[in-house]
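One structure is given below, encoded as structure tokens.
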Amino acid sequence: MRIHALQHVAFEGLGSIGQWISEQGHHLTLTRLYAGDALPRPDALDRLIIMGGPMNIYEDEQYPWLTGEKALIRNVIDAGKSAVGICLGAQLLADALGSPVFAGPEKEIGWLPITLTEAGKKTALLSGLPGQATVFHWHGDTFNLPPGAVHLAESAGCKQQAFLYDNRILGLQCHLESTPETVQEILAHCHDELVPGRSIQTAAEIVGASPEMYLHINNLMAILLSRLPQ
């Protein structure tokens, strides 16, 4: 499978997604939007991976590449390809599918639980997976469920944690791809966001996550990537 990834900042890479791509023998290409790399044509890829970033999807004036990226995402969806969006990437997918993106009621930062919806449990994508999982978060914005999409998961601080559209477009507000290295990177660059809040952990709580917690979320990420149509 030809997989193309869109990366918005140097410190939010593919994490465990990169390992899955390598293990499965898929072909990976990458656009570093922050570095001015060119965007691909939709016919040059089978699946688009859209990573996270500290910017908001409506900051086109500050990040001019957002305009072209949004057009590419819409074209990829229209072309019948599969796509996975992580955090900012999920918000970009929601926007492309016609849903507004806006500031959430509170930020979620750290290791916090998500719960599968009843609709999510009935999908083939989530079949047999645990009804609740503690996963890594770092976000402030959220979105409405795109028209026609299945609401997969929610949390106490954010109703829209995951959605599936047309069985091939997956939006994940949380970070199942996180590794100890990627978490250290985001802590180093975004530590000023760790202010007191109901759903904001301290740096010590975040780095105190056990290896088993990373293994669990990375296994979930691999299952979802493998179950999406290729």
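The values are calculated or read from the model by the stated rules, or taken from the named source; none is laboratory data. Fair warning: this is a prediction, and the values are worked out from it, not measured in the lab. As a convention, Cβ positions derive from the backbone with ideal geometry for all residues, glycine included, and neighbour counts pool all protein chains shown.
Every condition in (1) in a helix (DSSP H, G or I); (2) over 20 Å from PRO229 (Cα atoms); (3) of a type outside the set (A, V, I, L, M, F, W, C); (4) in contact with a helix residue (DSSP H, G or I) (Cβ under 9 Å, 6 or more places away or on another chain) holds for THR67 except the one numbered (4).
Close contacts from segment 213-224, counting a first residue that is more than 11 Å from THR134 (Cβ to Cβ) and a second that is in a helix (DSSP H, G or I) and among the hydrophobic types (A, V, I, L, M, F, W, C), with Cβ to Cβ under 6 Å and a gap of 6+ residues or different chains, come to ALA222/TRP20.
Which of the residues spanning segment 18-53 are charged (D, E, K, R) and part of a loop (DSSP other than H, G, I, E, B)? Within segment 18-53, ASP37, ARG41, ASP46 meet the criteria. Restrict the check to segment 121-130 and report whether at least one residue is at pLDDT 95 or above and assigned to a strand (DSSP E or B). Taking every residue of segment 121-130 in turn, none turns out to be at pLDDT 95 or above and assigned to a strand (DSSP E or B).
In the set ILE109, ILE114, only one residue is modelled with pLDDT of 95 or more, out of contact with any Leu (no Cβ under 8 Å at 6 or more places or on another chain) and buried (at least 21 other Cβ atoms within 10 Å of the Cβ); that residue is ILE114. Against the test of being modelled with pLDDT of 95 or more, crowded, with 22+ Cβ neighbours inside 10 Å, among the acidic types (Asp, Glu) and within 22 Å of HIS8 (Cα to Cα), the options GLU181, GLU185, GLU177 yield a single qualifying residue, GLU177. Of all residues in segment 171-212, those that are part of a helix (DSSP H, G or I) and either farther than 22 Å from LYS159 by Cα or among the β-branched types (Val, Ile, Thr) (or both) total 20.
Scanning segment 194-221 for residues that are surrounded by fewer than 18 Cβ atoms within 10 Å (Cβ to Cβ), closer than 21 Å to TRP20 by Cβ and touching a Phe, Trp or Tyr at 6+ places or on another chain (Cβ under 8 Å) yields a count of 1.
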